[in-house]
1. If Val56 meets every condition in (1) at pLDDT 85 or above; (2) in a loop (DSSP other than H, G, I, E, B) apart from one, which number is that one?
2. Here's a check for you: in the stretch 30-39, which residue that is touching a residue at least 12 places away in the same chain (Cβ under 8 Å) and closer than 17 Å to Ala13 by Cβ is farthest from the chain's Cα centre (by Cα)?
Amino acid sequence: MNTDPTLQEIWDARQKIWEECGGNFANLLEYYRQAQQEHSHKIIRFEPLPEECGEVYDVHLNE
């Protein structure tokens, strides 16, 4: 299977971040929240999704 090298680089970066977060979703969210605070632009939108997106599960972090 031929893989686009750009996509492979993105997948590798995501995997590296996931491993740095110990494979823990709460740690991954905290990683991105900290990254967002360190940069002037938003990385993740935390506004509620529109109803047409369907059911969404809330994620609660230990804050």
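1. The one condition Val56 does not meet is (1).
2. If we take residues in the stretch 30-39 being touching a residue at least 12 places away in the same chain (Cβ under 8 Å) and closer than 17 Å to Ala13 by Cβ, then Tyr31 is farthest from the chain's Cα centre (by Cα).
The values are calculated or read from the model by the stated rules, or taken from the named source; none is laboratory data. Since we're looking at a predicted model, the values are computed, not measured. Heads up, the Cβs are rebuilt from the backbone with ideal geometry, glycines too, and the neighbour counts pull from every protein chain shown.
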